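K.L.:
The structure that follows is given in the form of structure tokens.
The values are calculated or read from the model by the stated rules, or taken from the named source; none is laboratory data. The model shown is predicted, which means the values in this text are computed figures rather than measured ones. Neighbour counts run over all protein chains shown; Cβ positions are idealised from the backbone, glycine included.
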Amino acid sequence: MSAPITSQIVWRDISIEITFHKCGWKSDFDHIELRVEEGRIIPVTETGYRSHFLPAGIVDEYGGHEALVRAWLDHGAENSDWNRHEAASRQMTLF
């Protein structure tokens, strides 16, 4: 693998660190790692960390690793479980 590229994005007020490893010699896969600020979750992980391998070239098709992650998160946010989570996090609870 080549040297990793690390960047930060903010998605729906959640800070996310992305580490992207472009495929290297004898590899057909790129690697993306996501780390979310403590106490927060995103649609693609409930632990705050996600490691994902994907076929080489897909990141470039999306226009880069940040664009791919944003599209991945937007797609995941269409899930009804995520919509319930977001609604609940906006609600104040008494208990």
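K.L.:
Of a type outside the set (Gly, Ala, Ser), under 9 Å from the mean Cα position of the chain (by Cα) and over 18 Å from Thr6 (Cβ atoms): does that describe Pro55?
P.N.:
Here the answer is no, as Pro55 does not meet what is asked.
K.L.:
Can you name every residue in segment 47-76 that is among the acidic types (Asp, Glu) and over 18 Å from Arg12 (Cα atoms)?
P.N.:
Asp60, Glu61, listed by residue number.
K.L.:
Filter segment 58-83 down to residues that are of a type in the set (Gly, Ala, Ser) and at pLDDT 90 or above and give me whichever is nearest to Ser2 (Cα to Cα).
P.N.:
Selected residue: Gly64.
K.L.:
Right, next: Would you mind finding the one in Ile41, Ile18, Ile32 that is touching a helix residue (DSSP H, G or I) at 6+ places or on another chain (Cβ under 9 Å) and modelled with pLDDT under 90?
P.N.:
Ile41
K.L.:
Considering only residues that are touching a Ser or Thr at 6+ places or on another chain (Cβ under 9 Å), over 19 Å from Asn79 (Cβ atoms) and not β-branched (Val, Ile, Thr), look in segment 26-43 and name the one that is surrounded by the fewest Cβ atoms within 10 Å (Cβ to Cβ).
P.N.:
Glu37
K.L.:
Given (1) modelled with pLDDT of 90 or more; (2) surrounded by 14 or more Cβ atoms within 10 Å (Cβ to Cβ), identify the lone condition not met by Cys23.
P.N.:
Unmet for Cys23, out of (1) modelled with pLDDT of 90 or more; (2) surrounded by 14 or more Cβ atoms within 10 Å (Cβ to Cβ): (1).
K.L.:
Just checking, which of Arg70, Arg12 is surrounded by fewer than 13 Cβ atoms within 10 Å (Cβ to Cβ) and among the basic types (Lys, Arg)?
P.N.:
Checking each option against the conditions leaves just Arg12.
K.L.:
Output the number of residues of segment 44-55 satisfying the condition of being surrounded by 14 or more Cβ atoms within 10 Å (Cβ to Cβ) and hydrophobic (A, V, I, L, M, F, W, C).
P.N.:
Residues meeting the conditions: 2.
K.L.:
OK, next. Can you name the number of the only condition in (1) modelled with pLDDT of 90 or more; (2) of a type outside the set (Gly, Ala, Ser); (3) outside any strand (DSSP E or B) that Glu86 fails?
P.N.:
(1)
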